[in-house]
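Enquirer: My questions all concern the structure below.
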Amino acid sequence: MLEIDNLVAGYGGVPVLREINAKIAAGEIVGLLGANNAGKTTLINSLSGMVKPISGRILFLGEDISKLTPQARVELGIVQVPEGRLVFPEMSIRENLLLGGINAHARKHRPQQMEKVIGLFPRLGERLTQSAGSLSGGEQQMLAIGRGLMAEAKLLMLDEPSLGLSPLFVQYIFEIIDKLHADGLTILLVEQNLNLTLRHARRCYVLERGQVAAEGDAETVKNDPRTRSAYLGL
Amino acid sequence: MSELYQALAQGLLIGATYGLLALGMGLVYGVSGVVNFSHGDFISLGMFMCLALYSAFAMDPYVSIIITVPLMTAIGALVYIFLIRPMVGHQFLMVVQLTLGLSLVLQNGILMVFGGEPARTPSFVESKLIILGDTVLRLPHIIAFVVSFALAIGLYIMLRATDFGRSIRAVHQNAHAAALMGINVGRVQVLTFALGIGILALAAALLLPGTPIQPNMGLRYTVITLLVVVLGGMTNFVGIMLGGLIIGIAEAFGTIYLDGPIGLLLPYIIFVAIMLFRPKGLTWSSAR
Ligand SMILES: Nc1ncnc2c1ncn2[C@@H]1O[C@H](COP(=O)(O)OP(=O)(O)OP(=O)(O)O)[C@@H](O)[C@H]1O
Ligand SMILES: [Mg+2]
């Protein structure tokens, strides 16, 4: 479904990511691991079109999307749930969800999609008019995921969904992620938390200073010495 | 006593239009971080367009808006795309300088075309009065009040209940997240600026009847608008409308009760006094 081909990207012409190659098949749940500043968010933002590539290509469903705007990519179904959640704090839950489905493709189906999201997160449904800023971190994460689903994602990219959440909420959020995967959604799961990710993702990539240090199925990656070194920065 | 009512009524009526002027500036600030120091000169431009249409076709200013609003909206879009957008994201002061430069260009452009003599644009309602007890109200002021409030309410509903309005608020609250939703942030910024200038074309027609106009009066409107926006809390809708009313009333009291320069300074004195006690402006809650 997604193919990253020799991607080099960074900020102001200075590369952060160096020659990344990676693949995600339809229906797969893939983990993207790495320590602080490894370049995980930069990679996910390159896929979203928020960071422009210096060289290399990104193929989605066989088409080169590396020149497309962020809007065009959202319309194709490449949807990011950003690090730190970034809900719109002064808007209600309902308005946040409506904004999630504002792209030209998803706009027509917002009522049905909203039903589905509320079915998945009844807690959001109970307080549709409450402002997003007044929610707890875990509730904001639910809202951020719900907002992403409103966009009718084909590839849902979650950037550190466990960040700052209590263990109970982390467990809940990962159950939801498993459920979405079971329903057939393709998921890219970005995490620092190694063991958690290895438990939920079938296949993983480990980034180290902007390069892929290790890759393969969860078991392989777990036992790969390069994974340890990427984390310990050796 | 009747003087008091007179000042209050007059101030409230004009203040609503000041609030409307400031809403345009607040919206633009909210989505692009741009403070437009040529705001008032676009009001001049709108007024002089009305004058030109009157001179050429004897068109009433209230009718001229059919032409001036779309025209100025288009001008606003072009100004944003070609002049302001290249500067956004650079130094804030560069944008300020640019809009100050634009102010001089507009002022002198108007001077070149229309000359420096004060001019009037008559309207059929210009001299109509409405008398309530001892208070004499001018019909153009009442029209300005009603239309300004109606527009403010319309804007409010647009911001709350339409996708475009929600996009504007999303860009204001978190532009990065807005882009991730598939909102074209650049487009929202252009359209908001264009909308802000289009509102000025309307406000120009509302303020015009009975007011002598001069090419250099833009600065005064810019300053009034800035006072209102800062009082209201930059992006707080209700705060801005309230700020408009307060500045309008201060101005009316100044001209009715106080002679000479002190009277003209009253809005600024009140502004400074309020800011001393409420440095974040009038608003109680955080900006929406
Ligand atoms: N907007 C930016 N401008 C310039 N450099 C940036 C920017 N964002 C990130 N960087 C740099 O790019 C590198 C990778 O950062 P990135 O945020 O992608 O890492 P990450 O793996 O997501 O880290 P974390 O786990 O802390 O979220 C870092 O060295 C960082 O300083
Ligand atoms: Mg990150």
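Enquirer: Restricting attention to strands (runs of 3 or more DSSP E) lying wholly within the stretch A:130-224, give those where 1 or more residues are in contact with a Cys (Cβ under 9 Å, 6 or more places away or on another chain) and farther than 30 Å from A:Glu75 by Cβ.
Expert: By residue number, A:211-217.
Enquirer: So, A:Thr186, is that one away from chain B (no Cβ under 12 Å), β-branched (Val, Ile, Thr) and more than 16 Å from ligand 1 (Cβ to nearest atom) or not?
Expert: Yes.
Enquirer: Yes or no: A:Met1 within 15 Å of ligand 1 (Cβ to nearest atom), open to solvent by 30 Å² or more (accessible area, probe 1.4 Å) and among the hydrophobic types (A, V, I, L, M, F, W, C)?
Expert: So A:Met1 fails the test.
Enquirer: Conditions first: (1) modelled with pLDDT of 85 or more; (2) at positive phi; (3) of a type outside the set (A, V, I, L, M, F, W, C). A:Gln211 passes all but one, so which condition is the exception?
Expert: (2) is the only condition that A:Gln211 fails.
Enquirer: Counting only residues that are closer than 29 Å to A:Asn103 by Cα and away from chain A (no Cβ under 14 Å), give me the helices (runs of 4 or more DSSP H) lying completely in the stretch B:151-268 with at least 3 of them.
Expert: Because the criterion is at least 3 residues that are closer than 29 Å to A:Asn103 by Cα and away from chain A (no Cβ under 14 Å), the helices (runs of 4 or more DSSP H) in the stretch B:151-268 that meet it are B:185-207.
Enquirer: On to the next question. Would you check if there is a residue in the stretch A:45-58 being of a type in the set (S, T, N, Q), farther than 19 Å from A:Gln192 by Cα, open to solvent by less than 60 Å² (accessible area, probe 1.4 Å) and without any contact (Cβ under 8 Å) to a residue 60 or more places away in the chain?
Expert: Scanning the stretch A:45-58, I find at least one residue that is of a type in the set (S, T, N, Q), farther than 19 Å from A:Gln192 by Cα, open to solvent by less than 60 Å² (accessible area, probe 1.4 Å) and without any contact (Cβ under 8 Å) to a residue 60 or more places away in the chain, so the answer is yes.
Enquirer: I need the full set of residues from the stretch A:94-114 which are in a helix (DSSP H, G or I) and of a type outside the set (A, V, I, L, M), in order please.
Expert: If the condition is that a residue be in a helix (DSSP H, G or I) and of a type outside the set (A, V, I, L, M), then A:Arg94, A:Glu95, A:Asn96, A:Gly100, A:Arg107, A:Lys108, A:His109, A:Arg110, A:Pro111, A:Gln112, A:Gln113 are the ones that fit.
Enquirer: Hand me the list of strands (runs of 3 or more DSSP E) wholly inside the stretch A:1-89 holding 3 or more residues that are within 16 Å of ligand 2 (Cβ to nearest atom) and more than 19 Å from A:Asn103 (Cβ to Cβ).
Expert: A:2-11, A:14-24, A:29-34
Enquirer: I need the full set of residues from the stretch A:153-177 which are away from ligand 1 (no atom under 16 Å from the Cβ) and under 14 Å from the mean Cα position of the chain (by Cα), in order please.
Expert: A:Ala153, A:Lys154, A:Leu155, A:Leu156, A:Ile173, A:Phe174, A:Ile176, A:Ile177
Enquirer: Just one of the numbered conditions (1) open to solvent by 10 Å² or more (accessible area, probe 1.4 Å); (2) under 24 Å from B:Arg187 (Cβ atoms); (3) within 16 Å of ligand 2 (Cβ to nearest atom) is not true of A:Leu98; which one?
Expert: (3)
Enquirer: Scanning for something modelled with pLDDT of 95 or more, within 16 Å of ligand 1 (Cβ to nearest atom) and among the hydrophobic types (A, V, I, L, M, F, W, C), does the stretch A:67-84 turn up at least one residue?
Expert: yes
Enquirer: Now for a separate question. Select, from A:Arg123, A:Arg107, the only residue that is more than 18 Å from B:Val171 (Cβ to Cβ) and modelled with pLDDT under 95.
Expert: Every option except A:Arg123 fails the conditions.
Enquirer: Within the stretch A:201-214, identify whether any single residue is within 16 Å of ligand 1 (Cβ to nearest atom), surrounded by fewer than 18 Cβ atoms within 10 Å (Cβ to Cβ) and more than 14 Å from chain B (Cβ to nearest Cβ), and answer yes or no.
Expert: Within the stretch A:201-214 (the criterion being within 16 Å of ligand 1 (Cβ to nearest atom), surrounded by fewer than 18 Cβ atoms within 10 Å (Cβ to Cβ) and more than 14 Å from chain B (Cβ to nearest Cβ)), the answer is yes, since at least one residue qualifies.
Enquirer: What number of residues within the stretch A:40-79 satisfy the criterion of being under 13 Å from the mean Cα position of the chain (by Cα), under 14 Å from A:Gly210 (Cβ atoms) and not hydroxyl-bearing (Ser, Thr, Tyr)?
Expert: Residues in the stretch A:40-79 being under 13 Å from the mean Cα position of the chain (by Cα), under 14 Å from A:Gly210 (Cβ atoms) and not hydroxyl-bearing (Ser, Thr, Tyr): 4 in total.
One line per residue, one yes/no per condition, for (1) within 14 Å of chain B (Cβ to nearest Cβ); (2) hydroxyl-bearing (Ser, Thr, Tyr); (3) open to solvent by 30 Å² or more (accessible area, probe 1.4 Å):
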{"site": "A:Phe88", "(1), (2), (3)": "yes, no, no"}
{"site": "A:Ser92", "(1), (2), (3)": "yes, yes, no"}
{"site": "A:Asn103", "(1), (2), (3)": "yes, no, no"}
{"site": "A:Arg123", "(1), (2), (3)": "no, no, yes"}
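Enquirer: Residue check, B:Leu129 against (1) open to solvent by 50 Å² or more (accessible area, probe 1.4 Å); (2) of a type outside the set (Lys, Arg); (3) away from chain A (no Cβ under 14 Å); (4) out of contact with any strand residue (DSSP E or B) (no Cβ under 6 Å at 6 or more places or on another chain), all met but one. Which one?
Expert: Here B:Leu129 clears every test but (4).
Enquirer: While we're here: Going through A:Leu198, A:Leu185 one at a time, which residue ends up being surrounded by 17 or more Cβ atoms within 10 Å (Cβ to Cβ), away from ligand 2 (no atom under 16 Å from the Cβ) and closer than 19 Å to A:Arg228 by Cα?
Expert: A:Leu198
Enquirer: Are there any pairs with C-beta distances below 6 angstrom linking a residue in the stretch A:5-22 that is within 14 Å of chain B (Cβ to nearest Cβ) and over 18 Å from A:Cys204 (Cα atoms) to a residue that is more than 16 Å from ligand 2 (Cβ to nearest atom) and of a type outside the set (S, T, N, Q), with the two at least 6 apart or on different chains, and if so which?
Expert: Close Cβ pairs satisfying both conditions: none exist.
Enquirer: Scan the stretch B:1-21 residue by residue and report those that are buried (at least 23 other Cβ atoms within 10 Å of the Cβ) and either free of Cβ contacts under 8 Å to residues at least 24 places away in the same chain or among the hydroxyl-bearing types (Ser, Thr, Tyr) (or both).
Expert: Correct list: B:Thr17, B:Tyr18.
Enquirer: Residue by residue through the stretch A:151-171, note down the ones that are within 13 Å of ligand 2 (Cβ to nearest atom) and among the aliphatic types (A, V, I, L, M).
Expert: Selection gives A:Met157, A:Leu158, A:Leu163.
The values are calculated or read from the model by the stated rules, or taken from the named source; none is laboratory data. Keep in mind that this is a model prediction, so the values were computed, not measured. Positions of Cβ are generated from backbone atoms using ideal geometry, with glycine treated the same way; all protein chains shown enter the neighbour counts. For accessibility, only protein heavy atoms count, side chains too; no ligands or nucleic acids. Shrake-Rupley method; radii C 1.70, N 1.55, O 1.52, S 1.80 Å.
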